Amino acid sequence: MSENTSKKILVLNGPNLNLLGTREPGIYGHETLADVQELCATAAAAAGYETEFLQSNHEGVLLDAIHGARGKVAGIVFNPGAFTHTSVALADAISGTEARVIEVHISNVHQREAFRHHSYISPVAASIFVGAGVNGYVLAVQQLIHLDNR
Ligand code: CA2
């Protein structure tokens, strides 16, 4: 484990992901964000890690969460939602704080509209899981733990 980190993982979700499980099940599945929270906590606990979970529809709240996590977590599992495709500020926060981020997208963004094919987050992410449904969060937690113990 690298120095200055704890056995804590921040799971961060961006705009509209609070709607998970309520609409568009053909794209995002039937699981709710509460289900995702439980999946992440269980995957983390299996390796002795704790999770902190936050969803926000506000870019500034996500920025503050990334800044606040500095030195306090092993890394961040991050689904930035639509901010993925628009936010230089979130990318700057990740590179500026040197946060270890695993980017997650429930849907396969590359099978969708062209504007979803570009991510400002991917160049500053350590790993990316796309199109694995909510299991992508579990894979991301496991990957983060793997990287933390290299
Ligand atoms: O596939 C993903 O996880 C996305 O990050 C989800 C974002 C979308 O803008 C990205 O391109 C890909 C949208 C999140 C909205 O989630 C909803 C869930 C259920 C119903 C409506 C929206």
**Request:** Express the accessible area of the chain per residue in Å², computed with a 1.4 Å probe while the remaining protein chains stay in the model.
**Result:** 49 Å²
**Request:** Note down, for the chain, the three equivalent ellipsoid semi-axes (square root of 5 times each alpha carbon gyration tensor eigenvalue), biggest first, whole angstrom.
**Result:** 22, 18, 14
**Complete:** Note, region 117-129: 3J(HN,Hα) by Karplus (6.51, -1.76, 1.60, θ = phi - 60°), whole Hz, Gly/Pro = x, goes 7, 9, 10, 6, 7, 3, x, 10, 8, 6, 8, 9, 10
**Prompt:** Around Val104, which amide H atoms from residues at least 5 apart in sequence, or from another chain, sit under 5 Å from its own amide H, with H modelled in the peptide plane?
**Reply:** Phe78, Asn79, Phe129
**Message:** For a protection proxy built on the mean count of beta-carbon atoms within 10 angstrom, sort 50-59, 17-26 highest first, please.
**Reply:** 50-59, 17-26
**Fill in**
Reduced to Cα centres, the span from region 1-77 to region 84-147 in Å works out to 12 Å
**Message:** Please report the carbon-and-sulfur percent of the accessible area for region 1-141; probe 1.4 Å, protein heavy atoms only, DNA, RNA and ligands left out.
**Reply:** 51 percent
**Request:** Quick one: which residues, 5 or more positions from Gly75 or on another chain, have an amide H under 5 Å from its amide H? H modelled 1.01 Å from N in the peptide plane, none for Pro or chain starts.
**Result:** Leu10
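How do the peptides 107-114, 65-72 rank, highest first, by the average count of neighbouring beta carbon atoms within 10 Å per residue?
Values: 107-114: 12.2, 65-72: 15.6.
Sorting 107-114, 65-72 by mean packing, highest first, produces 65-72, 107-114.
Quick one: if the Förster radius is 22 Å, what FRET efficiency do His118 and Asn16 give, using the C-beta to C-beta distance and rounding to 0.05? Walk me through the numbers before you get to the answer.
Working: r = 19 Å, r/R0 = 0.85.
Given R0 = 22 Å and the Cβ-Cβ separation, E is 0.75.
Over the chain, what is the mean sequence separation of C-alpha contacts under 8 Å (at least six apart), divided by residue count, expressed as relative contact order in percent?
Across the chain, relative contact order equals 29 percent.
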**Message:** Suppose R0 equals 22 Å. What FRET efficiency, 1/(1 + (r/R0)^6) with r the Cβ-Cβ distance, do Ala47 and Lys72 give to the nearest 0.05?
**Reply:** 0.75
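The values are calculated or read from the model by the stated rules, or taken from the named source; none is laboratory data. Since the structure is predicted, the reported quantities are computational estimates derived from the model, not experimental observations. Ideal geometry is used to build each Cβ from the backbone, glycine not excepted, and the neighbour counts take in all protein chains shown. Just so you know, the surface numbers come from the protein's heavy atoms only, side chains and all, with ligands and any DNA or RNA stripped out. Shrake-Rupley method; radii C 1.70, N 1.55, O 1.52, S 1.80 Å.
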